[in-house]
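Report on the structure given below.
Every read-out reported here was derived from the displayed coordinates using simple, explicitly stated rules and does not represent laboratory data. Computed from a predicted model, the values in this text were never measured in an experiment. Using ideal geometry, Cβ is built from the backbone for each residue, glycine included, and neighbour counts are taken over all protein chains shown.
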Amino acid sequence: MAGTPANAHVRPYGGWACNRGFRRLGGSCAAVAVPPGGYLDAAGDDWDCERGSVRSQDACAPVEVPPHAFLEPRGRSWDCERGYRRVERACVAVAVPPNGYLAATGDRWACERGYRADGDRCERLVVPAHAYLAGTGNEWECERGYRREGGLCSAVEVPPHGHLNASGHDWTCARGYRKGSTCAAVVLPPNAHLDDAGDGWSCDPGHRRVGDACAPG
């Protein structure tokens, strides 16, 4: 095709494109200058660096991997080995205190069950009466029927017509009673019934609420 420059080919639907290893520069195709440690990318009109090096202007510079580190999967950067953490451009050993262990990530520590982190130490967790170690064992919770008050577990005082709620650390009233400082009976006016929550009332069909009463209508 007339007008097609060197190192180019005619496109199926008209026009032209540069061959692999060349890039379009105005009306011609210029060779892609691949530096040492580089390779042509998938499109063929640019270059990228091999694993272990990164692009720096028109060259491929090696990734400087410090001691106790390794190249990350793409090879463009590095990560510290397990037991080390990154501090600027170095890998520093994780100082695990007594009663501690390396966390799953490998770059920090956590305290064993029954201990709690306090600065750079693991302090024994003091579990009060009527409490137990919860979750990972670095915290405590009160048993059912007790609530946390400061560093102690105090019994939940359930009033008549009340019961422990789902959490077990507070109380709620039985159906037909309303919670206050105690459980007070819900007073139903004529032509009323307990509502769905059970601590209030609604008027029967054919009646409407007027103040504290149910009137026809």
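Put simply, the amide H of Y84, placed in the peptide plane, has neighbours under 5 Å in V94, leaving out anything fewer than 5 places away on its chain. Summarising the label geometry, the points placed 7 Å from Cα in the beta-carbon direction at V54 and E81 lie 2.3 nm from one another. Listed options for log10 I(q)/I(0) by the Debye sum over Cα atoms at q = 0.08, 0.13, 0.15 Å⁻¹ are (i) -0.25, -0.70, -0.96; (ii) -0.69, -0.95, -1.05; (iii) -0.44, -0.86, -0.98. The value calculated from this structure is the one marked (ii). Extension gain for R113 to V210 (0.36 nm times residue separation, less C-alpha to C-alpha distance): 29.0 nm. Taking V94, V127, V187 as the candidate residues, the one with maximal mean-square fluctuation in a Gaussian network model of the chain, Cα springs under 10 Å, is V187.
Once the Cβ-Cβ distance of H161 and D196 is raised to the sixth power relative to R0 = 25 Å, the FRET efficiency obtained is 0.85.
Set the Förster radius R0 to 35 Å, insert the Cβ-Cβ distance between A134 and D41 as r into 1/(1 + (r/R0)^6), and round the FRET efficiency to 0.05. Calculated value: 0.05. Loop-located trypsin sites (Lys or Arg not before Pro) in segment 50-113 (DSSP state not H, G, I, E or B) with no more than 15 neighbouring Cβ atoms inside 10 Å: R51, R74, R76, R82, R89, R108, R113.
Over segment 172-216, the Kirkwood radius and the radius of gyration, each from Cα atoms, give a ratio Rg/Rh of 1.02.
One quarter of the surface of the convex hull around the alpha-carbon atoms of segment 88-215 equals 14.0 nm², the direction-averaged projected area. Close amide H pairs (under 5 Å, H built 1.01 Å from N) link V186 with Y177, R178, residues at least 5 positions away or on another chain.
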